[in-house]
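**Q** Quick one: the structure is below, and I'll ask about it shortly.
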Amino acid sequence: MTDVKLYGTGRRKRSVARVFLSSGKGKIKINGKDFKEYLCRDTLATIVMQPLVALESEKLYDIVINVNGGGLTGQAGAIRLGIARALNAINEDHRKILKERGFLTRDSRKVERKKPGQPGARKNFQFSKR
């Protein structure tokens, strides 16, 4: 892979991540910052690294990510999906490993809307017979 950029898009909840993969030494930048500095929590950094660790390619690619929308957890999930899709584009043999670990599956859960006549999406006002 000589100076070729591969692209993957990931989405989760309200977050959208655009992931650009190129050959390099393992640097990951999210919105211009180092990924551990941007994500703040070690658990979120671990989530982002999961597809790379599964394929043992942590030090093979430089990754530049643009992400917006949602919170940090949703963004981390979107980034993970984007990285997995980009790695799958590199080599179709990676698909089996990524698929069985669930990294290529989009998490379709979203926040349920609030309904009229109720205080929340599912919560109802207290019922009284009299």
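**Q** Restricting the search to segment 88-130, which residues are out of contact with any strand residue (DSSP E or B) (no Cβ under 7 Å at 6 or more places or on another chain) and assigned to a helix (DSSP H, G or I)?
**A** Result: ASN88, HIS94, ARG95, LYS96, ILE97, LEU98, LYS99, GLU100.
**Q** Every residue in segment 37-48 that is of a type outside the set (Ser, Thr, Tyr) and part of a helix (DSSP H, G or I), please.
**A** In the first step, residues of segment 37-48 are kept if they are of a type outside the set (Ser, Thr, Tyr); the result is 37, 39-42, 44-45, 47-48.
GLU37, LEU39, ASP42, LEU44, ALA45, ILE47, VAL48, listed by residue number.
**Q** Another question, then. If you go through segment 87-122, how many residues are farther than 23 Å from ASP42 by Cα and aliphatic (A, V, I, L, M)?
**A** Of the residues in segment 87-122, 5 are farther than 23 Å from ASP42 by Cα and aliphatic (A, V, I, L, M).
**Q** Report every pair of residues separated by at least 6 positions or lying on different chains whose Cβ atoms are under 6 Å apart, first residue within segment 49-61 and part of a loop (DSSP other than H, G, I, E, B), second surrounded by fewer than 17 Cβ atoms within 10 Å (Cβ to Cβ) and not charged (D, E, K, R).
**A** As it stands, the answer is GLU58/GLY26; LYS59/GLY26, since those pairs meet every condition given.
**Q** Only one of these conditions is not met by ILE79: (1) without any contact (Cβ under 8 Å) to a residue 40 or more places away in the chain; (2) crowded, with 21+ Cβ neighbours inside 10 Å. Which number is it?
**A** (1)
**Q** Out of ILE28, ILE47, report the one residue that is under 14 Å from GLY74 (Cα atoms) and not basic (Lys, Arg).
**A** Unique residue meeting the criteria: ILE47.
**Q** Which condition does THR9 not pass, out of (1) buried (at least 16 other Cβ atoms within 10 Å of the Cβ); (2) under 11 Å from the mean Cα position of the chain (by Cα), if it passes all the others?
**A** (1)
**Q** So ASP34 fits all but one of (1) under 10 Å from the mean Cα position of the chain (by Cα); (2) over 14 Å from ILE90 (Cα atoms); what number is the exception?
**A** Here ASP34 clears every test but (1).
No lab work stands behind these numbers, since they all come straight from the coordinates. These figures come from a predicted structure and were not determined experimentally. Every residue, glycine as well, gets a Cβ built from its backbone with ideal geometry; the counts of neighbours run over all protein chains shown.
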